[in-house]
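Shown next, in structure tokens, is the structure this report addresses.
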Amino acid sequence: MNRFDYVRAGTVAEAVQAFGVGARFIAGGTNLIDLMKYEVEKPGRLIDITRLPLDRIEDHAGGLRIGALATNAKVAYDDRVAERYPLLRNAILAGASAQLRNAASTGGNLLQRTRCYYFYDVATPCNKREPGSGCTAIGGMNRIHAIFGTSDKCIATHPSDMCIALAALEATVQVSGPQGERSIPFAEFHRLPGDTPETDTNLAPGEIIVAVDLPESRFPQHFTYLKLRDRLSYAFALVSVAAGLELDGDTVKTARLALGGVAHKPWRNREAEAMLEGKPATRESFQAAADLIVAEAKPQSENGFKIDLARRAIVRGLEQAAAGTPQSLSDKRIQ
Amino acid sequence: MLLEKQPPVSADTPIGITLTINGQRRALQVAPWTTLLDLLRERLDLTGTKKGCDHGQCGACTVLVNGTRVNACLTLAVMKDGAEITTVEGLAGLGDRKGSNALHPIQEAFIEHDAFQCGYCTPGQLCSSVGLLNEGHAHTRDEIREAMSGNICRCGAYTNIVDAIEDVMQGDAR
């Protein structure tokens, strides 16, 4: 790990003030410290924001406001989250380990870097780590990589489970920075790699996440977080599905669907969501939506299996949501 | 990265912090890049906490910070200024958890159920188990297994580890 200057911020304004070139904010540190050990991240200054009063979970505008420093564990085990946003709870508990969830913050979860092998391996070219150096994953070992929204510069995936649920729940990210405060709709928070894969989000330099707002609860009954991975616990998703449905009898009134493990950001297809609305909640409807979504998938040399896996996971996830039988958190077998 | 244009101003100045480690209050000077794991092992000779992967993947370094289990390898000591740290060396001394033979009940249960082979992961397994019991979210064997998935045992003592935790959990319920 490189040497760095350490600043402990007492207020959000102090934290923003302390920011400069080469500085990083640190909260849980579970991703940043790991990346520093690999020398993927070499910050000149760490600004410790853990003493800021941003760890509360409060009722807000008919929904819930989750402070950026609320740990993943605190959010997952909050009674209001369990009752009103069980999709979020299940997604959080599908990720990482208990130790990591106890340390990792809500804001930090949104800012996780990709787990692409080559991004971590400083001996290989990587456009995300070192812009312009090339992408080793394209044509390399890319079994875990993206099938949607890739570019010829980067095919990395976003690793979070929590964010997949937040995308389906249409959360809003509240940020504070040198230019003041602003709100970012969740769908616009993360970005696709395009020609600048080094930039994961639309957060401006020096901006700090202060809260994540959830709108009024819509999927307390009909939801699932279905995560498919190489081992049953403590592994990143190959494909995951966050699904929320509002039903009117057997008819779909509202559908929200986000996919994880398949793109540089939580992947949504609004056309497929709209197509489901007004349709019967049957396998046929769900298959049609899944077909529409995977129609724009583009495989790499080793990850073509993800297309069929995603198609089946979408159908399974929507069926679980419609039936009100979300994927179990402890029994991961797919029935 | 333009680090050379704005050199760190205090990177070589150790920072004073206070930690209560296994009930003992200690004033320490630490460099900001010192992990809690390295502080415990290299500076304080508390070598019970193990360095396995050093990347938060194996759980061998699990300790309790204010009663909550975390990976000491991914924790900067300076950020925990003021915290109470419990390592495997301190489990037996946890006030409300006195077992016989001066061991914590989970330590006794690990012995009773032969819940280890080489023992390298055991300090982390023990601290993680105590964290799990404090949290109170796991109740069934499946839930225990899921909640312990951050602790790897390459000898494969998992079945007996789950037995030991279940035993203490049921003892708590009685």
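All of the numbers you see were taken from the coordinates with simple rules; none came from a lab. All of these numbers come straight from a predicted model, not from anything done at the bench. Please note: Cβ atoms are built from the backbone with ideal geometry, for glycine as well, and neighbour counts cover all protein chains shown.
Just to confirm the number: angle between the C-alpha axis of helix A:305-323 and the first principal axis of chain A, 0 to 90 degrees, nearest 10?
Value to nearest ten degrees: 70.
Along the three principal axes, how long is chain A when you take its alpha carbons, biggest first, rounded to the nearest angstrom?
58, 48, 35
Might you report the magnitude of the Cβ-based charge dipole of the protein assembly as shown about its Cα centre, with Lys and Arg at +1 and Asp and Glu at -1, to the nearest 20 debye?
Roughly 540 debye for the protein assembly as shown.
Quick check: residue separation of A:Glu246 and A:Asp121 times 0.36 nm, minus the Cα distance between them. What number comes out in nm?
40.6 nm
Report the equivalent ellipsoid semi-axes for region A:291-335 in whole Å, largest first, defined as the square roots of five times the eigenvalues of the gyration tensor built from alpha carbon atoms.
Each semi-axis is √(5λ); the values are 24, 14, 6 Å.
Each label point is 7 Å from the Cα along the Cα-to-Cβ direction; what then is the distance between the points at B:Gln117 and A:Thr196, in nm?
It works out to 5.3 nm between the two label points.
Can you give the angle from 0 to 90° between the axis of helix A:283-294 and the longest principal axis of chain A, with both taken from C-alpha atoms, to the nearest 10?
For A:283-294 against chain A, the angle is about 40 degrees.
Along the Cα→Cβ direction, 7 angstrom out, place labels at A:Asp55 and A:Lys279. What is the inter-label distance in nm?
Computed distance between label sites A:Asp55 and A:Lys279 equals 4.5 nm.
Please work out how many pairs of lysine residues in chain A are eight or more positions apart (or on different chains) and have Cα atoms closer than 14 angstrom.
So the count works out to 5.
What ratio of Cα Rg to 2.2 N^0.38 Å holds for region A:224-319?
1.06
Can you tell which of A:Val252, A:Val173, A:Val212 shows the greatest fluctuation in a Gaussian network model of chain A with Cα springs below 10 Å?
It is A:Val252.
Using the Kirkwood radius over C-alpha pairs as Rh, can you work out the diffusion coefficient of chain B via Stokes-Einstein at 37 °C, viscosity 0.692 mPa s, in µm² per second?
194 µm²/s
Taking the Cα centre of region A:5-50 as the origin, how large is its charge dipole in debye, to the nearest 20, when only Lys and Arg (+1) and Asp and Glu (-1) carry charge on their Cβ atoms?
Computed about the Cα centre, the dipole is about 20 debye.
So for region B:75-155, averaging the separation of alpha carbon pairs under 8 Å that are six or more residues apart and normalising by length, what relative contact order in percent results?
24 percent
So what's the angle, to the nearest 10 degrees on a 0 to 90 scale, between helix B:122-135 and the longest Cα principal axis of chain B?
Orientation of helix B:122-135: about 80 degrees from the principal axis.
Pop a pseudo-label 7 angstrom from the Cα along the beta-carbon direction at both B:Arg25 and A:Met141 and give the gap in nm to one decimal.
The modelled label-to-label distance comes out at 5.1 nm.
Quote the Stokes-Einstein diffusion coefficient, in whole µm² s⁻¹, for region B:95-173, based on the Kirkwood radius over alpha carbon pairs, a temperature of 10 °C and a viscosity of 1.306 mPa s.
For these conditions, the coefficient is 128 µm²/s.
If each residue's Cβ is checked for other Cβ atoms within 10 Å, how do A:Arg270, A:Arg129, A:Arg333 rank with the fewest at the top?
A:Arg333, A:Arg270, A:Arg129
Give, to the nearest whole percent, the P(r) tail of region A:5-50 beyond 18 angstrom, counting all Cα pairs.
Across region A:5-50, Cα pairs with separations above 18 Å total 23 percent.
Within 10 Å of each Cβ of A:91-98, how many other protein chain Cβ atoms are there on average?
5
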